[in-house]
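The values are calculated or read from the model by the stated rules, or taken from the named source; none is laboratory data. Bear in mind that the values here come from a model prediction, so they are computed numbers and not experimental data. With ideal geometry, Cβ positions are generated from the backbone for all residues, glycine too; neighbour counts draw on all protein chains shown. Just so you know, the surface numbers come from the protein's heavy atoms only, side chains and all, with ligands and any DNA or RNA stripped out. Shrake-Rupley method; radii C 1.70, N 1.55, O 1.52, S 1.80 Å.
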Amino acid sequence: MKKLSLRKRAALELFRRIRKNKVVLHELRTLFWECTLRCNISCQHCGSDCRVVADQPDMPVEDFLKVVDSITPHVNPNKVLVIFTGGEALVRKDIEVCGLELYRRGYPWGIVSNGLYLTRERLDSLLASGLHSITISLDGFEEAHNWLRCHPKSYEKALNAVRMLVEEKEIAWDIVTCANKKNIADLPAFKDFLLSIGVKNWRIFTIFPVGRASELPELQLSNDEFTAVLDFIRETRKEGKIHVNYGCEGFLGEYETEVRDHFYQCNAGVSTASVLADGSISGCPSIRANFHQGNVYNDSFPEVWENRFKPFRDRKWAKKGICADCKLFRYCEGNGMHLHDDKGDLLFCHYQRINE
Ligand code: SF4
Ligand code: SF4
């Protein structure tokens, strides 16, 4: 593997100290609610358990609000962002009911959506309920997007949603793109297109070859293609016309701070928690392995947040397999929590991919 430059190493050391402090403070800043496993599409890459009709019933809004009310005495609500995720959050018709209650309690709230159900009417209703932020998935131009989303109208609807958001000045929003073999060659043209329609914030992520995603060769970037995506993000950031970031996953060595606004850090269980569809309490909804720390139907969320979450806050357990002798473990801590299986074994190392 290539060595890190002295300059980068010094900066990483400094950040490590800041990170240690954040782990000690353990302040809840982002709370995801996996409000449904139902979805209106069935994406090629979906790593979640969502289905068009899910067996798991949606958690009633009042049950989630009870959790929120148990948290409120321990936090400044203004500083905790609640994010509705799924499945597809907008298949629920009562998002606004919950959103308004969160707004009344002082919590900013947002949604991650594929945009299919985001009509003008629905957006107005969400805004009237205090919507603070929204992320829309747009995975390249029409053919690439509809292929990934397995729906012929998906691109048209998502693009309509983005065009509506361009006109909204009061909320924070971005689009997120899954880079894959079908869209990688078009990324520069897609960037120009996004700029032309007024998109200012863009996140790009990649898929790691595990589970359902490993069965589709189009989803897997080669090591060179993966590096090319990072180079593209770095160059685009230098250009400064659109604010682009690589997703939070993965320690990226020399690319650290050059493809994201900050150093790599997995905030799952450190400042991010999630209430999953069945009530399980975890660190981040992207984690599919069983790192659950409790369940809102049996446990008090503040008690779980305060006294459990040890595997998230102290990641020494991850120092095994290829991470056991890795000199970069002090910065990477065994990569994102979502990249570990039920046994805690690492599924994927981004750094290795860049340097092989
Ligand atoms: S081997 Fe482990 S600790 Fe080292 S860079 Fe890869 S994931 Fe991180
Ligand atoms: S588990 Fe993965 S997706 Fe979640 S915060 Fe950590 S790195 Fe990011």
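Spin-label pair residue 278-residue 62: with each label point 7 Å from Cα along the Cα-Cβ axis, the two points sit 2.4 nm from one another. On a per residue basis, the stretch 281-356 carries 48 Å² of accessible surface, using protein heavy atoms and a 1.4 Å probe. In whole angstrom, the stretch 180-310 maps to an equivalent ellipsoid with semi-axes of 33, 18, 14, each derived as √(5λ) from the alpha carbon gyration tensor and ordered largest first.
Can you give the % of DSSP beta bridges in the chain that are antiparallel, to the nearest 5? Walk me through the numbers on the way to the answer.
On the way: 5 of 37 bridges.
If I count the DSSP bridges inside the chain, around 15 percent turn out antiparallel.
Placing +1 on each Lys and Arg Cβ and -1 on each Asp and Glu Cβ, with no other charges, gives the chain a dipole about its Cα centre of roughly 1380 debye. Just to be sure I understand: if I project the alpha-carbon convex hull of the stretch 92-173 onto a plane and average over all orientations, what area do I get in nm²? Result: 5.3 nm².
Please compute the contact order of the stretch 149-248 in relative form: average sequence separation of alpha-carbon pairs under 8 Å and at least six residues apart, divided by the residue count, as a percent. Don't skip to the answer; put the middle values down first.
On the way: 93 pairs, mean separation 29.1, N = 100.
Value for the stretch 149-248: 29 percent.
A simple rule links phi to the HN-Hα coupling: the Karplus curve 6.51 cos²θ - 1.76 cosθ + 1.60 with θ = phi - 60°, which for the stretch 80-92 gives 10, 8, 9, 10, 8, 9, x, x, 10, 4, 6, 6, 7 Hz, with x for Gly and Pro. If you bin all the Cα-Cα distances of the stretch 188-254 at 5 Å, starting from zero, the percentages per bin are 3, 14, 24, 23, 17, 12, 6, 1.
Working note: Debye formula, equal point scatterers on the alpha-carbon atoms of the stretch 274-356, no solvent; log10 I(q)/I(0) at q = 0.12, 0.14 Å⁻¹ is -0.39, -0.52.
Where does each of 119, 227 land when they are ordered by accessible area, with a 1.4 Å probe and the largest first? Please report the intermediate quantities before stating the final value.
Values: 119 70, 227 25 Å².
Sorted descending by solvent-accessible area, the residues read 119, 227.
Helix-only estimate, please: 222 nm mean residue ellipticity of the chain, summing -39500 (n - 2.57) across DSSP H runs of length 4 or more and dividing by its residues, to the nearest 500.
On the way: 12 runs with 120 residues, N = 356.
Rounded to the nearest 500, the figure is -10000 deg cm²/dmol.
Backbone phi angles across the stretch 314-330, fed through the Karplus curve with coefficients 6.51, -1.76 and 1.60 (θ = phi - 60°), yield HN-Hα couplings of 10, 9, 4, 4, 7, 7, 8, x, 5, 7, 4, 10, 6, 5, 9, 4, 4 Hz in residue order; Gly and Pro are listed as x. Computed over the stretch 172-218, the alpha-carbon pair-distance distribution with 5 angstrom bins reads 5, 17, 26, 21, 14, 10, 6, 1, each value a whole percent. In the elastic network of the chain, a GNM with C-alpha springs shorter than 10 Å, the most mobile of 325, 174, 69 is 325.
Principal axis extents of the C-alpha atoms in the chain (largest first, rounded to whole Å): 52, 48, 36.
Scalar couplings 3J(HN,Hα) for the stretch 337-351, obtained by applying the Karplus form with A = 6.51, B = -1.76, C = 1.60 to θ = phi - 60°, are 4, 6, 9, 10, 8, 4, 8, x, 6, 6, 9, 6, 10, 5, 4 Hz; x denotes Gly and Pro. Estimated at the nearest 10 Å², the accessible area of residue 237 is 60 Å² with a 1.4 Å probe.
In the chain, what percent of the accessible surface is made up of carbon and sulfur (1.4 Å probe, ligands and nucleic acids excluded)? Don't skip to the end; give the middle numbers.
On the way: 8500 of 16140 Å².
Whole-percent figure for carbon plus sulfur exposure: 53.
Considering only Cα-Cα distances, which of the following residue pairs are longer than 24 Å: 8/181; 20/310; 79/319? Violating the 24 Å Cα-Cα cut-off are 8/181; 79/319.
Under a 5 Å amide H cut-off, with hydrogens placed 1.01 Å from N, residue 280 pairs with 296 among residues at least 5 apart or on other chains. For the stretch 197-356, the share of DSSP beta bridges that are antiparallel, to the nearest 5, is 50%. For the stretch 1-131, the fraction of C-alpha pairs farther apart than 19 angstrom is 59 percent. Taking every protein chain into account, the 1.4 Å probe leaves residue 97 with about 90 Å² of accessible area, to the nearest ten. Ligands, DNA and RNA are left out, and with a 1.4 angstrom probe the accessible area of the stretch 190-268 is 42 Å² per residue.
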